[in-house]
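*Asks:* I have a structure I would like to understand better, so I am pasting it below and will then ask my questions one at a time.
The values are calculated or read from the model by the stated rules, or taken from the named source; none is laboratory data. Remember, predicted model here, so these are calculated numbers, not experimental data. All Cβ positions, even for glycine, are placed from backbone atoms using ideal geometry, and neighbour counts span all protein chains on display.
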Amino acid sequence: MILWLASYPKSGNTWMRALLSSYLFEKYFKGNQDIFSKMKLIKRFPAKSAFNGLVNEETLKNNKLEAFKYFIKAQEKINQDPKLHIIKTHNFCGAVEGSNFTDKYNTAGSIYVVRDPRAVAVSYAYYSNISFEKSVELMLSNNRISFNDKYYPEARLSWKTHLLSWESYPAPRHVIKYEDLLENSASILKSALVFINQFIKDKIIIDENKILKVAEECSFKNLKRLEDKKTFDEIEKNKNDKEFFRKGLKDDWKNELSPKLIYEIEKNFKDEMKNLNYI
């Protein structure tokens, strides 16, 4: 079964992925502290490699959205291996073109990473080399579908629709706030490991010292330093070599967004932001 590590883009998913992979897969690397290599063991969906033998590329040339019809088949293929698969996604948990993202036969649960949408707007604008206005426009759009050479289409839709789709999916869910990661990543990592243990027979050993060590290795400051030394190869090629790990600050949006854009975000996401104590 699949345990999704899900989030809207630029919400802390990659950071959480670094923490989990460094804790869970250290034994496979024999002292090699290359965090980015460890992260690759938590794969991303819908990576094209998951669809080998399922999709006819010629069929998709005229309509890329046809790929959504194969999402569940690709998950069935992954689940032929009966272990728990932790997989990253930015897809919303709903239907596109009449095809569901997942189903109860393939999904065990989810870890959902959420971030203040005002901060998401700023981070995505810098990462994508677009204006803050364009970034907010994308976050408000329920037609937002991302295309990339490495992946089949990702239906991201609006920040609100994305959040509610995962909140309403009937499977165990563990919500992590980006702001809590900034505050105490060790505590957040431990909570995620405890959550994962409910899905597996051979339980993960919760080692407090190891958790503290991994939290230090995977601090935002250290991930940014590592990116400066070695290219993080999951950066999308059309982003003009922008930094993936930029500032990681909690309230930097206050220095970046205009009052008009702040009002627009808070007006459209008011209830969800209140529920998450963002306003």
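*Asks:* With the condition kept exactly as written, say whether any residue in segment 149-166 is more than 18 Å from TYR263 (Cβ to Cβ), in contact with a helix residue (DSSP H, G or I) (Cβ under 8 Å, 6 or more places away or on another chain) and surrounded by fewer than 17 Cβ atoms within 10 Å (Cβ to Cβ).
*Replies:* Checked against the condition, which is being more than 18 Å from TYR263 (Cβ to Cβ), in contact with a helix residue (DSSP H, G or I) (Cβ under 8 Å, 6 or more places away or on another chain) and surrounded by fewer than 17 Cβ atoms within 10 Å (Cβ to Cβ), segment 149-166 yields at least one hit.
*Asks:* Can you tell me which of LYS69, LYS88 is more than 27 Å from ARG225 (Cβ to Cβ) and of a type outside the set (Gly, Ala, Ser)?
*Replies:* The unique qualifying residue is LYS69.
*Asks:* Does TYR112 qualify as being closer than 27 Å to GLU264 by Cα, touching a Phe, Trp or Tyr at 6+ places or on another chain (Cβ under 9 Å) and part of a strand (DSSP E or B)?
*Replies:* The answer is yes for TYR112.
*Asks:* What is the number of the single condition among (1) within 15 Å of the chain's Cα centre (by Cα); (2) buried (at least 21 other Cβ atoms within 10 Å of the Cβ) that SER146 does not meet?
*Replies:* Going through (1) within 15 Å of the chain's Cα centre (by Cα); (2) buried (at least 21 other Cβ atoms within 10 Å of the Cβ) one by one, SER146 breaks only (2).
Every residue, every condition in (1) in a strand (DSSP E or B); (2) at pLDDT 95 or above; (3) of a type outside the set (S, T, N, Q), yes or no:
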residue: TRP15; (1), (2), (3): no, no, yes
residue: SER22; (1), (2), (3): no, no, no
residue: ASN32; (1), (2), (3): no, no, no
residue: LYS38; (1), (2), (3): no, no, yes
residue: ILE86; (1), (2), (3): yes, yes, yes
residue: ASN91; (1), (2), (3): no, yes, no
residue: VAL120; (1), (2), (3): no, yes, yes
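*Asks:* For segment 93-108, which positions are assigned to a strand (DSSP E or B) and either among the β-branched types (Val, Ile, Thr) or on the phi > 0 side of the Ramachandran plot (or both)?
*Replies:* Across segment 93-108, the qualifying residues are VAL96, THR107.
*Asks:* Kindly list the number of the only condition in (1) closer than 24 Å to LEU257 by Cα; (2) at pLDDT 95 or above; (3) more than 16 Å from the chain's Cα centre (by Cα); (4) not charged (D, E, K, R) that fails for PRO172.
*Replies:* Just one mismatch for PRO172, condition (1).
*Asks:* So for segment 126-137 (the condition being assigned to a helix (DSSP H, G or I) and crowded, with 21+ Cβ neighbours inside 10 Å), does at least one residue qualify?
*Replies:* Among the residues of segment 126-137, at least one is assigned to a helix (DSSP H, G or I) and crowded, with 21+ Cβ neighbours inside 10 Å, which makes the answer yes.
*Asks:* Test HIS90 against the stated conditions and say whether it is under 17 Å from the mean Cα position of the chain (by Cα) and closer than 16 Å to ASN268 by Cα.
*Replies:* For HIS90, the condition - under 17 Å from the mean Cα position of the chain (by Cα) and closer than 16 Å to ASN268 by Cα - is not met.
*Asks:* Of all residues in segment 262-278, which are exposed (fewer than 14 other Cβ atoms within 10 Å of the Cβ) and either not in a helix (DSSP H, G or I) or not polar (S, T, N, Q) (or both)?
*Replies:* Passing the criteria: TYR263, LYS267, LYS270, ASP271, LYS274, ASN277.
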